[in-house]
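To start, the structure itself, in structure tokens.
Where a number appears in this text, it was derived from the coordinates with a stated rule and is not lab data. Keep in mind the model is a prediction, meaning the values are calculated, not measured. Here the Cβ is made from the backbone with ideal geometry for all residues, glycine too, and neighbour counts use every protein chain on show.
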Amino acid sequence: MSAGASSRLSAVLQRAEDLYRDRTLGEVRAWKARTRGLAIGFMPIYIPREMLHAQGVMPVGIMGGGDDLEIIRGDAYYQSYICHIPRSTIEMGLNGSLDCLDGMIFPATCDVIRNLSGMWQLQFPDRLSCYLDVPQNFDAALGGSFYRRELEHLSHELVAHGARPLEPEVLRASIVTYNENRRRVETLFGLRRRAPWKIPTHELYLLLRAGQVMAVEDFTAMLEEYITAVNEDTTRQPLDQARVLLTGSFCEQPPLGLIKTLERSGCYIVEDDFVQVHRFIRGEVRVEGDPMDNIVRAFVEDGVASPVRYIAEHEKGAELVARVRECAAEGVIYCSASFCDPALLDQPMTVRALEKAGIPYTAFKFAENNGQFQVIREQSGTFADSIKLWSEV
Amino acid sequence: MAPKTETQVHKEDSQLRQKTMIAEHYTRLANTPDTGEKSVYTFVPGNLTELIRSFDLLPVLPEINALQSAMRGKSREYIAIAEKLGHSEDVCTYVKCDLGMMKSGNVGPTGERLPKPDLLLLSYTGCFTFMKWFEILREEYDCPVAMLHVPYQAGGVITDSMRTYVVEQLRDKVIPLLEQVSGKRYDEARLRAMLTRSARAEDDLVAVLNAARSRPSPIDAYFGGVYYIGPIFSAFRGTEDAVDYYRMLRDEVEERAREGLGPVTPEGPMERERFRLVVEGPPNWTNFREFWKMFADEGAVVVASTYTKVGGVYDMGFRHDPNRPLESLAEYCLGCYTNLSLPRRVEMLARYVQDFDADGLLVNSIKSCNSFSAGQLMILREVERRTGRPGGFIESDLVDPRYFSAANIKNRLESYLQMIEQKRAGRTA
Ligand code: SF4
Ligand code: SF4
């Protein structure tokens with residue numbers, strides 16, 4: 001790799017890591033100062049960011065406090081048997097990290113996020129706090145209509161707090177902007193599938209996290225920059241690692257150290273559900289036709305199978321098996337947050353599908369503030385070794 | 001043994017009546033292979049009992065089976081079976097208990113085998129776990145599933161959009177499937193008649209719950225309350241049986257209130273009411289009597305509870321309305337307690353503390369249940385702040401005996417009651 005490519009790569013990664021680590025959202029503050037727009041935080045997993053974008057609002061993904069946030073007051077809000085992300089989110093709300101946000105959106109992900117929406121209303125009565133219900137009925141005429149009304153309500157709330165009214169042509173342009181971004185994201189995932197040694201997951205992860213706290217246009221440019229630098233790089237060579245699909249981390253995120261640990265233990269993560277807002281819709285959102293309708297249809301028709309989404313017809317786990325095949329993974333790692341109801345209730349059902357398909361798996365739990373990975377390292381190392389052994393037989 | 005008083009005999013009348021109703025229902029369920037009757041598995045919050053029964057289908061409520069399993073000392077074994085099958089120790093124990101029961105032959109609370117469902121009616125209100133629960137059950141049974149998605153009342157009100165969405169699902173999805181499974185046409189006149197009966201029973205239930213405003217309270221609205229809500233939260237809403245039961249219960253309770261008597265506990269009538277509490281959260285079922293006794297021994301009476309509102313918030317004014325059958329069912333589903341926003345829950349609890357002149361709010365936080373538990377510490381502080389009355393906090397689980405620590409709960413309860421006494425002494429000093 002040329003010195004130029006190497007420094008290019010380090011620069012983009014450094015910037016991504018800085019954004020990931022900056023809990024006080026400096027980039028968002030700078031964007032606000034520049035544009036005078038609103039910034040609205042949102043919790044995992046998914047919100048239609050296009051709509052906010054079209055109203056001049058920056059959607060800011062809030063994914064917990066990570067492993068280096070000291071929880072001072074957050075623990076007074078939650079019992080020990082509730083996952084970690086809501087307490088670090090409350091902590092950041094209380095310690096001023098999120099002060100630059102004009103509001104928060106809590107999508108209907110689980111009971112914890114649902115209840116957090118009400119806690120936010122009580123704790124921060126002067127700020128916009130919206131619960132975004134999403135349909136579990138995926139019939140366009142029923143669930144789709146309901147979802148559209150929910151989105152229209154959210155849009156009005158944003159206007160009431162100073163955002164621009166929604167205009168169809170502007171929304172269409174925002175769809176185009178996000179589709180471009182999705183394409184880059186998919187390019188990266190495709191590259192990683194083909195050559196995981198070129199795109200280590202901890203790097204991809206940093207980029208996706210950075211994309212949560214910056215303008216989408218800048219994020220797209222950052223992905224471009226990374227793709228170019230990686231393609232120029234000739235030093236990264238394949239190792240004898242097991243190809244695994246990682247699942248269960250769609251909401252609370254594991255610490256970066258854990259992702260690195262998995263990679264160092266002999267796994268190439270070739271597919272995952274980290275920072276899933278970027279990939280919650282399969283493919284692109286349609287551009288032609290009524291743009292609001294397209295956003296709605298994207299959710300009801302093209303949403304990925306997720307533990308937070310009711311699976312009406314297909315066999316549970318069928319989609320996971322298909323994804324394993326698609327990315328040629330040799331095994332699955334369930335990496336779920338402790339006490340995460342959707343992930344943990346879902347797991348035995350998808351495990352059954354894996355077993356039926358003869359796909360090996362291993363499972364562990366984490367909290368976002370875990371600092372010790374020795375046990376996990378041993379477990380994933382053993383898993384990777386056993387996969388490699390099988391593949392040699 | 002002390003001779004039974006007149007009022008105890010009255011009390012036993014309604015209890016006996018309920019026992020007979022439940023036993024008959026389970027026998028009817030057990031006999032379905034012979035009678036050809038069909039069953040629908042569904043959940044307590046947002047249950048559509050009148051609609052189900054208007055098709056002559058029989059409801060089965062997995063949560064009730066789970067709690068009954070715990071009261072019969074079976075839940076430890078059932079949960080262990082589910083965990084062996086790979087279900088996490090972190091998740092709702094109702095689900096695991098139900099699954100374990102099913103894997104052990106699906107023998108219900110009366111010792112008779114429960115039928116397999118002919119339909120899984122997933123009326124999904126107030127808790128995401130319900131959705132996963134029926135995905136799990138669906139894998140075990142070969143029957144259709146009807147999903148009724150009930151939006152969350154995040155803004156504290158039922159909007160037209162929510163109501164429309166639920167009514168449309170009832171009309172376009174749920175009713176056609178009920179017709180298909182039962183082989184009968186939707187009969188709105190019959191549904192209306194049932195809803196009329198529901199409203200009558202609901203009036204009487206509210207009178208029973210409001211009797212706790214008297215001093216002493218003639219009822220315990222938590223430990224006793226779970227028995228009172230049994231018929232209306234489960235298979236009987238809309239039936240003549242329920243109307244008769246609630247009439248009888250109301251008469252008994254009003255009689256006790258007139259006589260200035262306290263509640264009847266498993267140890268007998270409570271002699272002296274020393275503390276009046278509002279309780280938030282479900283009870284523990286594995287050690288239910290022991291749990292109740294801890295309160296009764298201290299003279300602590302629960303005068304209002306939120307658990308008794310998971311199947312409907314009738315005391316806040318909701319009634320099923322025969323003139324708007326589907327809309328009314330939709331509003332019922334939308335209004336169940338765990339479907340209310342945190343601010344609404346705080347308001348409701350603060351109002352209970354004030355209206356029932358309670359000494360304070362006690363939270364029984366349930367390890368299993370994020371729907372109830374996430375946010376309870378904040379609820380507690382808010383209610384304390386608004387009412388100026390002290391709050392207490394204990395922890396247990398619904399049906400997992402591993403998480404019931406009697407010594408710990410007793411200690412915390414006693415400290416809480418002492419704190420109330422100190423506050424009282426401070427006020428009168
Ligand atoms: S980690 Fe799981 S339980 Fe916790 S907030 Fe996220 S989805 Fe909900
Ligand atoms: S989590 Fe709570 S509300 Fe949900 S099924 Fe379990 S006990 Fe019921």
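Data overview
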quantity	calculated
Length-normalised contact order for region A:291-389 - Cα pairs under 8 Å, 6+ apart - percent	27 percent
Inter-chain Cβ neighbour average for residues A:115-128, partner chain, 10 Å	5
Using distinct alpha-carbon pairs, which all enter the 1/r mean, Kirkwood radius of region B:100-201 in Å	16.1 Å
Reachable aspartates and glutamates from B:Lys367, criterion Cα separation under 14 angstrom, eight or more residues apart if same chain	A:Asp111, A:Asp341, B:Glu89, B:Asp90, B:Glu280, B:Glu395, B:Asp397, B:Asp400
Cut-off 16 Å (backbone N to label point 7 Å along Cα→Cβ of A:Ala322), residues of region A:331-351	A:350
Residue mean of other protein chain beta carbons inside 10 Å, B:86-95	6
Packing rank of B:344-354, A:336-346, where each peptide gets the mean count of other beta carbons within 10 Å, highest leading	A:336-346, B:344-354
Neighbourhood net charge (11 Å Cβ-Cβ; Lys/Arg +1, Asp/Glu -1) for A:Ala337	-3
Cα-based radius of gyration of region A:145-240 once divided by 2.2 N^0.38 Å, which approximates compact folds	1.44
Dipole of region A:38-93, positive direction: furthest Cα of A:Ile45, A:Gly74, A:Gly56, with charges on the beta-carbon	A:Gly56
Reach of A:Lys260 by Cα under 17 Å, taken over lysines that are not fewer than 8 positions away in the same chain	A:Lys198, A:Lys365
Sites B:Glu77 and A:His314 - FRET efficiency at Förster radius 25 Å, r taken between beta-carbons, to 0.05	0.15
Simple Cβ-charge dipole of region B:200-343, Lys/Arg +1 and Asp/Glu -1, about Cα centre, in debye nearest 20	300 debye
Cα-based convex hull volume of region B:69-133 per residue, rounded to whole Å³	104 Å³
Spacing of the two label points (7 Å from each Cα toward its C-beta) at A:Arg73 and A:Ala11, in nm	4.1 nm
Principal axis dimensions, largest first and in whole angstrom, of region B:322-409 by Cα	52, 34, 20
Inter-site label distance for A:Glu378 and B:Arg28 at 7 Å from Cα along Cβ, in nm	5.8 nm
Equivalent ellipsoid semi-axes, chain B, via Cα gyration tensor eigenvalues times 5, rooted, Å	34, 23, 23
Scaled radius of gyration (Cα, divided by 2.2 N^0.38 Å) that region A:235-393 gives	1.11
Sites B:Leu177 and A:Val304, calculated FRET efficiency, Cβ-Cβ separation with R0 30 Å, nearest 0.05	0.65
Along each principal axis, Cα extent of the protein assembly as shown, largest first, Å	97, 70, 54
Point-to-point label distance, B:Glu188-A:Ala140, nm (Cα→Cβ direction, 7 Å offset)	2.9 nm
Set of lysines near B:Lys38 by C-alpha distance (under 17 Å), chain-local residues within fewer than 8 positions excluded	B:Lys116, B:Lys184
Relative contact order [Cα under 8 Å, 6+ residues apart], chain A, whole percent	21 percent
Cα-centred dipole magnitude for region B:32-137, charges only on beta-carbon of K, R (+1) and D, E (-1), debye, nearest 20	240 debye
Neighbour net charge for B:Gly426 - beta-carbon separation under 14 angstrom, K R +1, D E -1	+2
Additional length obtainable on full extension of the chain from A:Asp126 to A:Glu232, 0.36 nm per residue less Cα span	33.2 nm
GluC sites (Glu not before Pro) within region B:186-293, DSSP loop, no more than 13 other Cβ atoms inside 10 Å	B:Glu259, B:Glu267, B:Glu271
Number of partner chain Cβ atoms within 10 Å, mean per residue of B:361-370	3
Diffusion coefficient, µm² s⁻¹, Stokes-Einstein with Kirkwood Rh over alpha-carbon pairs of region A:314-363 at 25 °C and 0.890 mPa s	221 µm²/s
Taking N as its residue count, the alpha carbon Rg of chain A over 2.2 N^0.38 Å	0.96
Cβ-placed point charges (K, R +1; D, E -1), dipole of chain B about Cα centre in debye, nearest 20	640 debye
FRET efficiency, 1/(1 + (r/R0)^6) with R0 22 Å, evaluated for B:Tyr141 and B:Lys84 via beta carbons	0.60
Percentage relative contact order, region B:281-429, counting C-alpha pairs under 8 Å, at least six apart	26 percent
Ranked by how many other beta carbons lie within 10 Å on average, peptides B:401-414, A:142-155, A:39-52 from highest	A:39-52, A:142-155, B:401-414
